[in-house]
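To start, the structure itself, in structure tokens.
The values are calculated or read from the model by the stated rules, or taken from the named source; none is laboratory data. Only a predicted model underlies this, so the values are computations on that prediction, with no experimental measurement involved. Using ideal geometry, Cβ is built from the backbone for each residue, glycine included, and neighbour counts are taken over all protein chains shown. We work out accessible area using only protein heavy atoms, side chains counted, and drop any ligands, DNA or RNA first. Shrake-Rupley method; radii C 1.70, N 1.55, O 1.52, S 1.80 Å.
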Amino acid sequence: MTTQLSKLFTLIFALISSFHTLANQELNSTVNQQLKPKHWSGLPLLADKASERGYQLPIPVGVTLFYNSIDADYEAVNDFQVQVDGGLLGLRGPNDYVVPAEDVSITGRDKSMQLKVDAWLLPFWNVYGILGYTEGHKDIRAKLDNVEGLPCGTSCDGLVLPIPINYTATNYGIGTVLAGQIDPIVGDTPFTIMAIGAIVKAKTDTTDSLIKTKLASVRIGQRFDIGADKLAWFLAFSHQSVNQNVTGDYSFKGTELAPLMENVKFDIDLAKQETKNISFSLNYDFGSQNEWNIYAEYGFLNWKHLIIGMGRRF
């Protein structure tokens, strides 16, 4: 009888302890919810699961304004189609000529201001949209050595047709980011890995041209506490393809080439000569909730680009 009563008291004590533990868990959950209320957007989904695992999540919605400049070389995808009117090459014209693609060299520089709006839909998945304005320049130089049907014959050998193109464009695009963490080999600061993809299209306002850009990037870096602020560094390997069709006209009147050609209409498809690059970036978060950030990125392997931006998360 004594043994049975002992077992009964033990069971009752275990049940009371369980109820007490559950009550404490519910109380702690309620306190945590009150201390960290759910974001107004309801994002990201599954945020509570990520928090339970110890992940620190950024404020879900952000707006960033940034400046971007890029200097790169391009190549002709196909032969350069030109139509010349006036001058020796346009005699009794207009006359059509074809410059072989290998005889065309192209350099370019673009500067733009971009507005990006992004949101973390899941703790590891971000999507964003971009709207921007671009000022660009392409310097096309076409050698006439191998052009057939020139009235000047071999005397045109060594002659270069220069066509500088200045344009402005409005662009729009979408992108996505997948992010995760891995434990460090040395130290206690985890590494953040991100896979980024984006598609951007731009329509030029001053030439009949459409620019299509595709970007894929893998980034790895770390984030450190600087007092109440946070500083992150990232090293990225990127693949970026740029394809552009340029159609327009250029006047050589008043230049030293006017006796040879006065007005030239052209049509060419061009692409970025190199598609792979490496970049290094820094991101600094500050504010009472780290809601403000400053971002800088520099690309340096096969072309140079600079990005400087400032944003706020809501």
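For the stretch 170-194, the set of residues classified as free of Cβ contacts under 8 Å to residues at least 40 places away in the same chain and either closer than 21 Å to Gln114 by Cα or of a type in the set (Val, Ile, Thr) (or both) consists of Thr170, Ile182, Ile185, Val186, Thr189, Ile193, listed by residue number.
Here's the yes/no breakdown for (1) more than 30 Å from Ser279 (Cβ to Cβ); (2) open to solvent by 60 Å² or more (accessible area, probe 1.4 Å); (3) at pLDDT 95 or above:
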| position | (1), (2), (3) |
| --- | --- |
| Thr64 | no, no, yes |
| Tyr67 | no, yes, yes |
| Asp71 | no, yes, yes |
| Asp85 | yes, yes, yes |
| Leu89 | yes, no, no |
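Given the criteria under 26 Å from Gln244 (Cβ atoms), open to solvent by 20 Å² or more (accessible area, probe 1.4 Å) and modelled with pLDDT of 95 or more, does Val98 qualify? Considered against the rule, which asks whether it is under 26 Å from Gln244 (Cβ atoms), open to solvent by 20 Å² or more (accessible area, probe 1.4 Å) and modelled with pLDDT of 95 or more, Val98 comes out as yes. The one condition from (1) under 30 Å from Ala195 (Cα atoms); (2) touching a Gly at 6+ places or on another chain (Cβ under 6 Å) that Tyr133 does not meet is (2). Taking the stretch 224-269 as the range and being hydroxyl-bearing (Ser, Thr, Tyr) and at pLDDT below 90 as the test, only Thr247 passes. Here is the figure for the stretch 140-176: residues that are open to solvent by less than 70 Å² (accessible area, probe 1.4 Å) and part of a loop (DSSP other than H, G, I, E, B) total 8. Residues in the stretch 274-301 that are open to solvent by 70 Å² or more (accessible area, probe 1.4 Å) and within 18 Å of the chain's Cα centre (by Cα): Glu274, Lys276, Phe280, Leu282, Ile294, Tyr298, Phe300, Leu301. Residues in the stretch 177-215 that are closer than 30 Å to Pro164 by Cα and open to solvent by 50 Å² or more (accessible area, probe 1.4 Å): Ile199, Lys201, Lys203, Asp205, Thr206, Asp208, Leu210, Lys212, Lys214, Leu215.
Would you say Ile185 is hydrophobic (A, V, I, L, M, F, W, C) and either touching a Pro at 6+ places or on another chain (Cβ under 7 Å) or not in a loop (DSSP other than H, G, I, E, B) (or both)? Don't jump to the end; show me each part of the working.
On the way: hydrophobic (A, V, I, L, M, F, W, C): yes; either touching a Pro at 6+ places or on another chain (Cβ under 7 Å) or not in a loop (DSSP other than H, G, I, E, B) (or both): no.
For Ile185, the condition - hydrophobic (A, V, I, L, M, F, W, C) and either touching a Pro at 6+ places or on another chain (Cβ under 7 Å) or not in a loop (DSSP other than H, G, I, E, B) (or both) - is not met.
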